[in-house]
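Remarks on the structure that follows.
The values are calculated or read from the model by the stated rules, or taken from the named source; none is laboratory data. Predicted model only: the values in this text are computed from it and were never measured. No Cβ is skipped: glycine too gets one built from the backbone with ideal geometry, and neighbour counts run over all protein chains shown.
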Amino acid sequence: MSVLKSDFIWKAKSFDQLSVDELYKILQARMEVFVVEQHCHYLDPDNADQKAIHLWAEKDGEVAAYCRIFDKGIKYPETSIGRVLTTGNFRRISLGKALMNIALQLIESRFQTSVVRISAQDYLLDFYQNFGFEDTGKKYLEDQIPHTEMLRK
């Protein structure tokens, strides 16, 4: 089953535009996926959120999918996308594809570029290749999870 973007409320905000409730729900979703599900014990709020555009989909007040987007020169020389997730209740409906398409459109319209660098968990390499990302050959372990740096030109 594919998902219609209109089935969800999509939001894109800078850190200063987030309400306390929105920030809480975003951090809760990130902790659920990256800390609890993936058993990675790390401090998720990393002082980069203040520099990011936060993009997410909500349904019935719950964060269904999320990522954060950075302009050039913040995380990498290129624009970048990180903390990409779909929460457990919303998997297997192509919401991640919708999230990535919207994120890439946002980057192109807001930052006037299609060049994007990401740090992908290795099990998602094929997923990101569908959006034009290519393996850079830089591979590493982060929180005991294999990652690969990928670039979309």
Checklist entry - With segment 34-153 as the region, which strands (runs of 3 or more DSSP E) entirely inside it contain at least 2 residues that are under 14 Å from the mean Cα position of the chain (by Cα) and closer than 19 Å to Y24 by Cβ? => result 53-59, 62-70, 79-86
Checklist entry - Does A65 satisfy the criteria of being touching a Ser or Thr at 6+ places or on another chain (Cβ under 6 Å), free of Cβ contacts under 8 Å to residues at least 60 places away in the same chain and buried (at least 16 other Cβ atoms within 10 Å of the Cβ)? => result yes
Item to check | Selection count, segment 1-12, where residues are touching a helix residue (DSSP H, G or I) at 6+ places or on another chain (Cβ under 7 Å), of a type in the set (K, R) and either modelled with pLDDT of 95 or more or not in a helix (DSSP H, G or I) (or both) | outcome: 0
Checklist outcome for this item: Checked segment 20-60 for anything surrounded by 12 or more Cβ atoms within 10 Å (Cβ to Cβ), modelled with pLDDT of 95 or more and among the β-branched types (V, I, T); matches are I26, V33, I53
Checklist entry - Would you call F131 touching a residue at least 12 places away in the same chain (Cβ under 8 Å) and in contact with a Gly (Cβ under 8 Å, 6 or more places away or on another chain)? => result no
Item to check | Scope segment 81-114; condition surrounded by fewer than 16 Cβ atoms within 10 Å (Cβ to Cβ), free of Cβ contacts under 8 Å to residues at least 60 places away in the same chain and in contact with a Ser or Thr (Cβ under 8 Å, 6 or more places away or on another chain); matching residues | outcome: E108, T113
Next on the checklist: Looking at segment 1-12, I want the residues that are loosely packed, with under 10 Cβ neighbours inside 10 Å and have a partner that is modelled with pLDDT of 60 or more and among the small types (G, A, S) with Cβ atoms under 7 Å, at least 6 apart or on another chain. Which pairs are those?
Outcome noted: S2/S94
